[in-house]
Amino acid sequence: MHLDRCKKLFSDFNALQNLKILICGVGGVGGYALECLYKSGVKNITIVDYDTFEITNQNRQIGSECLGEKKVDVLLRKYPGINGVNLKITPQNLHMLNLEKYDIVIDAIDDLNAKIALILEAYPKIISSMGAAKRVDPTKIRIDSIWKTQNDPFAKKVRDRLKKAHFKGDFKAVYSIEKPIACDMGSFVGVTGAFGFALCSEAVRRFV
């Protein structure tokens, strides 16, 4: 019995190591998804982003001490062995990512048009992050069907757009049941980081 359990754990870890994962967006959410997957042993990770680190990123983004540098370039140094693409994802250039070669596609982008296009193109491999800004309680984070998300204005926009696109599928979304706080606080790393870890958790659970 003990030997069988050890064999299963070894098999699960091999499967995890060999996953091919694409992370779209490596800001306050996607950067922590990368950290979690990398430390969990996933070897084949590709990240996509076009942005540079700014002073306003320093409260929540991994690598943001490298002001003015491309996020992808900085993270390629921090996480040796991963792959990077400097690209602003749009509905028109999604074909450049060759999505079919990945086992899982993690969506951590904010642009609604690009997000919807990515979901439609990457489904059913997609795991998607909804709105993490203006929240302070990481215990309110949930992983559930996109159609069951609540108290998240951004998730509602995603659902509405998917309905207009006649999308009939289902996929897991990371969201918060905490209502956004009416303030100028922006994003809190305790929540954005937890969103990233939740995306990582969902990816890992699919293969172990």
### the range 89-113 - residue that is part of a helix (DSSP H, G or I) and either among the hydroxyl-bearing types (Ser, Thr, Tyr) or free of Cβ contacts under 8 Å to residues at least 60 places away in the same chain (or both) and, of those, surrounded by the most Cβ atoms within 10 Å (Cβ to Cβ)
Leu94
### Query
Can you pull out the residues in the range 35-44 that are surrounded by 15 or more Cβ atoms within 10 Å (Cβ to Cβ), more than 12 Å from the chain's Cα centre (by Cα) and under 12 Å from Ile82 (Cα atoms)?
Tyr38, Val42, Asn44
### Condition broken by Ile126, with the remaining ones in (1) at pLDDT 95 or above; (2) over 18 Å from Ile21 (Cα atoms); (3) among the β-branched types (Val, Ile, Thr) satisfied
(2)
### Query
Are any of the residues in the range 134-150 closer than 21 Å to Asp49 by Cα, modelled with pLDDT of 95 or more and either buried (at least 19 other Cβ atoms within 10 Å of the Cβ) or in contact with a Lys or Arg (Cβ under 9 Å, 6 or more places away or on another chain) (or both)?
no
#### Entry: Subset of the range 1-58 that is in a helix (DSSP H, G or I) and among the small types (Gly, Ala, Ser) - its residue that is modelled with the lowest pLDDT
Ser11
### Task
Only residues that are within 16 Å of Asp107 (Cβ to Cβ) and either assigned to a helix (DSSP H, G or I) or of a type outside the set (Val, Ile, Thr) (or both): list them for the range 148-165, please.
Asp152, Phe154, Ala155, Lys157, Val158, Arg159, Arg161, Leu162, Ala165
### Task
Can you work out which of the residues in the range 152-191 that are at pLDDT 90 or above and of a type in the set (Ser, Thr, Tyr) is farthest from the chain's Cα centre (by Cα)?
Ser176
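The values are calculated or read from the model by the stated rules, or taken from the named source; none is laboratory data. Just so we're clear, the structure is a prediction, and the values are computed from it rather than from any experiment. All Cβ positions, even for glycine, are placed from backbone atoms using ideal geometry, and neighbour counts span all protein chains on display.
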